[in-house]
Amino acid sequence: MHRLGTGRRTSVSVSVWRALRWGALGLACACGASSSKGGAGGDGGNASGPDGSSESSSSGGSSSGGSPSSSGGSSSGGAAISDGGSTALFDGNLGSSDGALPAATCSLPLPLSNTATPTTVVGTGDAGSCTEAALDTAVQAGVVVTFDCGGAATIAITSTIAVPTNIDTVIDGGGMITLDGGGATRILSFQSGDYRGMYGGPQHTLTVQRITLQNAKATGTAMFPSASPPCSQGYEDGAGGAIWMVSGTLHVIDSRFYDNTAAATGPDVAGGAIYTEGSSDTTIEGCEFTSNSASNGGAVGSLNSDLTLVNDIFTGNQALGQGGNSTNSTCPEVDGGQRETGSGGNGGAVSIDGGDDGTLTVCGCTFSGNSGHALGGAIFRTPDGAKQTSNIDRTTFDSNSCSGTYNGMTTGGSGAMYFHNSTVVLTNSTVSNNTAPGSAGFFGDGTTLEATNTTFAGNIATTGVGGAIAATGTLTNCTFANNQAMGTNYAAFAAALFGGPWTINNTIFDANTDNDNSNNSACSPGSTANSGAHDLQWPMGGTATACVPGITFADPMLGALGNHGGTTETLVPSAAASVIQIGTNCPATDQTGATRATPCTVGAVEVP
C-alpha cells in the first residue's frame with residue numbers, strides 16, 4: 001500500500017416537428033443518424049406520429065470506422081432486478097466502509113467494492129494532505145484508491161484526471177470526500193479503444209463509490225460550421241461533465257452529482273454528469289443527480305452502451321439544447337459525413353442513443369422536476385438499429401416537463417418518457433403531474449408499450465393531445481386519472497390515451513378531461529380498434545367515446561394520489577366490490593406488491 005500526501009463524434013435521433021393540431025400532435029421522430037464509432041444507420045422507414053400517421057425518416061448516412069462487435073464484454077446491464085437488495089445515499093446512513101447498506105426499493109446488481117485493503121491512500125490524516133496532485137498520483141497507480149483526510153474534505157480539481165485503461169480502478173470516498181471541478185474542469189476521463197469489448201475480453205472497469213462530484217464542466221471545442229437554423233448549432237464535443245467514459249465498464253455506486261455541466265448546445269453532446277460511450281456495462285446504483293445540465297441528457301448520456309439504473313434519484317436536471325436532432329442535405333457537412341439539423345434538448349435527465357445498444361434497465365428510481373426542450377423531460381431513448389427492449393419497474397416520474405421553441409416553432413413532447421424503435425415494459429410505476437405540449441407522460445414512436453400495475457395521474461398536454469400516453473401496446477391493471485388535454489382548435493382530446501390499437505384489460509379511466517369537453521375526452525377516436533375486457537370508464541358524459549368497445553361506465557370512486565403502500569404513489573378505488581372487483585387473468589400482485597385476489601380489483605391497486 002502506498003500513502004500519498006501533499007508533496008469522436010456522435011449523433012442522436014432525428015426529430016421532426018409538425019404543427020400541434022388535430023391530426024398532427026407535432027412530434028414525430030424518424031431515426032437515422034449514426035455513431036461515428038460504427039452505430040448502425042437508420043432504416044429509412046417510417047416513424048409513427050402520435051396521431052397514428054407516419055412521417056418519413058431520413059437515412060442518416062453511413063458511419064465511419066466499421067461496426068464494432070458487442071460480443072466479448074462482460075455486462076450486468078439488462079439483468080433482472082429482484083426484491084430484497086439494498087443501497088442508499090451515504091448522507092448519515094452509511095458512514096462506514098464495511099459495505100453494509102440500508103434497505104432500498106430494488107436489489108442491486110453490484111455490491112460495494114471491497115476497499116478494506118487499499119492499494120493507495122490519498123492523504124496522511126488531515127485535509128491539507130488531500131490534494132489534487134496526490135489524487136492524480138493515486139489514480140495512476142490504480143487498483144484501489146481510498147482517502148485519509150481526517151474527516152470530510154473537498155479536493156479542487158483543476159485538470160482532468162485520466163484514469164488508466166489497462167487496469168481496473170476503484171475510487172472510494174468513504175462518504176466523506178467531494179471532488180469539485182470549480183465550474184471549469186471535467187473531473188475523470190477513461191478513454192479506451194476496446195469499444196464494447198470488441199477484442200473479445202471484458203473491458204477494464206472504473207468503479208466510483210461513496211463520493212460527491214460537483215461543479216465539474218466539460219467544455220466544447222469543436223463548433224458546428226456556421227449556418228443558420230434549423231442547421232445544427234453549438235458543439236460536436238464537450239460531453240460528460242464529471243465523468244467521460246469511452247470503451248470501458250463503469251460502475252457508480254452510492255454517489256452524488258451536483259451542478260455538473262456539459263456543452264449546452266449541440267445535437268449529439270450529452271451527459272452533464274456522466275457520459276458513457278461503447279460501454280458493455282454501465283451500472284449506476286443508489287446515486288443522486290441534482291441540477292446537472294447538458295444539451296442532451298442533463299444528468300446521464302449513453303451512446304451504444306448497456307445501461308442499468310437502480311435506486312437512483314434524478315432531480316432538477318436539464319437538457320438545454322433546442323430542436324432535437326435530424327439530418328438535412330442543405331446543412332454543412334461535419335465530421336463523419338453527416339449534415340445535421342436541430343441542436344439537442346432531448347432527455348432532461350437521461351438520454352440513450354445508438355445502433356448497438358442493448359437492454360436498458362431502470363428499477364426503483366425517481367425522476368422529478370427534470371426538463372428538456374425537445375423530447376423526453378426525464379428519459380429519451382432512440383436505438384438506430386434493431387428494435388430494443390427497455391425494462392422500467394417500481395419507478396416514479398413526477399413533475400417533469402418538456403417544451404421549447406426552435407426556428408420559430410413550438411417544440412417539446414413527452415414530459416416524462418420518449419422512446420423510439422423500442423419495446424418498453426413498464427411495471428409497478430407511477431407517471432404523474434408531467435407536462436408537455438403533447439403526450440405529457442409517455443410518447444412511443446415506433447414503440448410498443450407494455451404497462452402493468454402502473455398509475456398515470458395528473459399529466460397535462462398543454463396544447464395538444466395525449467395527456468398521459470401517445471403510443472400503442474398493452475395495458476393490464478392500470479389506472480388513468482385526472483389527466484388533461486388542454487389544446488384548442490380540435491387538438492383537445494385523448495386526455496388519457498392517444499394512438500393505438502391497444503389491448504386493455506382490468507384498467508380504470510377516471511376524470512380524464514379535455515379543454516372543450518369533446519366526446520373523445522379520455523381516449524382518441526380510434527378507440528374502436530382497441531380490445532379488452534373488465535375495464536371501467538367515468539364519467540359517461542353523453543356520447544363519450546369508449547376507450548374499449550363495450551367498456552363499463554361506472555364511478556370507481558378513486559381517492560387522492562398518495563402513499564398507500566409499496567414504493568410508488570397510487571390511487572385507491574372505494575366503489576362497491578360488484579363494480580371494481582371484476583378483473584380476470586390478473587397479475588399475481590398489484591402496484592404496491594400486495595397479493596391480488598381472484599377476481600381481482602381493476603386498476604393498479606388491489607382492494608381487500
Is it fair to say residue 122 is touching a Ser or Thr at 6+ places or on another chain (Cβ under 9 Å) and farther than 28 Å from residue 305 by Cα?
yes
Does region 503-515 contain at least one residue that is closer than 20 Å to residue 572 by Cα, part of a strand (DSSP E or B), of a type in the set (Gly, Ala, Ser) and assigned by TED's automatic domain parsing to the domain that holds residue 551?
no
Test: residue 279 is buried (at least 24 other Cβ atoms within 10 Å of the Cβ) and in contact with a helix residue (DSSP H, G or I) (Cβ under 9 Å, 6 or more places away or on another chain):
yes
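Take region 147-167 and flag every residue that is among the hydrophobic types (A, V, I, L, M, F, W, C) and outside any strand (DSSP E or B).
If we filter region 147-167 for residues that are among the hydrophobic types (A, V, I, L, M, F, W, C), which is where we start, we get 147, 149, 152-153, 155-157, 161-163, 167.
Across region 147-167, the qualifying residues are 149, 152, 157, 163, 167.
Which strands (runs of 3 or more DSSP E) sit wholly inside region 454-500 and have at least 2 residues that are not assigned by TED's automatic domain parsing to the domain that holds residue 586? First the steps, then the outcome.
On the way: elements: 455-457, 469-476, 479-481.
No strands (runs of 3 or more DSSP E) qualify here.
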Exactly one of 462, 472, 452 is farther than 16 Å from residue 367 by Cβ, modelled with pLDDT under 95 and not small (Gly, Ala, Ser), and that residue is 462
For residue 370, state whether it is surrounded by 22 or more Cβ atoms within 10 Å (Cβ to Cβ), more than 23 Å from residue 305 (Cα to Cα) and at pLDDT 95 or above.
no
Failed condition for residue 391, given (1) in a strand (DSSP E or B); (2) polar (S, T, N, Q); (3) buried (at least 24 other Cβ atoms within 10 Å of the Cβ), with all others met?
(3)
Out of 560, 544, 604, I need the residue that is more than 25 Å from residue 105 (Cβ to Cβ), in the same structural domain as residue 432 (by TED's automatic domain parsing) and either assigned to a loop (DSSP other than H, G, I, E, B) or among the aliphatic types (A, V, I, L, M) (or both). Which one?
544
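Test residue 116 against the stated conditions and say whether it is over 25 Å from residue 301 (Cβ atoms) and surrounded by fewer than 21 Cβ atoms within 10 Å (Cβ to Cβ). Quick ask: steps written out before the conclusion?
Values: over 25 Å from residue 301 (Cβ atoms): yes; surrounded by fewer than 21 Cβ atoms within 10 Å (Cβ to Cβ): yes.
Here the answer is yes, as residue 116 does meet what is asked.
Considering region 579-600 alone, what residues qualify as being part of a strand (DSSP E or B) and polar (S, T, N, Q)?
At the first step, the residues of region 579-600 found to be part of a strand (DSSP E or B) are 583, 589, 595, 600.
Passing the criteria: 589, 595.
Could you list, in sequence order, the residues of region 340-359 that are surrounded by 24 or more Cβ atoms within 10 Å (Cβ to Cβ) and outside any strand (DSSP E or B)?
If we filter region 340-359 for residues that are surrounded by 24 or more Cβ atoms within 10 Å (Cβ to Cβ), which is where we start, we get 340-357.
Selection gives 345, 346, 347, 348, 349, 355, 356, 357.
Looking only at region 185-207, decide whether some residue is in contact with a helix residue (DSSP H, G or I) (Cβ under 6 Å, 6 or more places away or on another chain) and assigned to a loop (DSSP other than H, G, I, E, B). Step through it out loud before you land on a result.
Filtering region 185-207 for residues in contact with a helix residue (DSSP H, G or I) (Cβ under 6 Å, 6 or more places away or on another chain) gives 203.
Narrowing further to those that are assigned to a loop (DSSP other than H, G, I, E, B): 203.
Looking through region 185-207, at least one residue is in contact with a helix residue (DSSP H, G or I) (Cβ under 6 Å, 6 or more places away or on another chain) and assigned to a loop (DSSP other than H, G, I, E, B).
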Restricting attention to region 252-275, which residues are over 17 Å from the mean Cα position of the chain (by Cα) and assigned to a strand (DSSP E or B)?
253, 256, 258, 261
Selection over region 162-175 where residues are more than 17 Å from residue 278 (Cβ to Cβ) and surrounded by 20 or more Cβ atoms within 10 Å (Cβ to Cβ) yields a count of 6
First in region 258-276 and at negative phi and modelled with pLDDT of 95 or more, second anywhere and part of a loop (DSSP other than H, G, I, E, B) and of a type in the set (D, E, K, R), Cβ under 9 Å, 6 or more apart
260/186; 262/186; 272/259
Residue check: is residue 139 surrounded by 14 or more Cβ atoms within 10 Å (Cβ to Cβ), in contact with a helix residue (DSSP H, G or I) (Cβ under 8 Å, 6 or more places away or on another chain) and either not assigned by TED's automatic domain parsing to the domain that holds residue 310 or not in a loop (DSSP other than H, G, I, E, B) (or both)?
no
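The values are calculated or read from the model by the stated rules, or taken from the named source; none is laboratory data. This is a predicted model, so every value here is computed, not measured. As a convention, Cβ positions derive from the backbone with ideal geometry for all residues, glycine included, and neighbour counts pool all protein chains shown.
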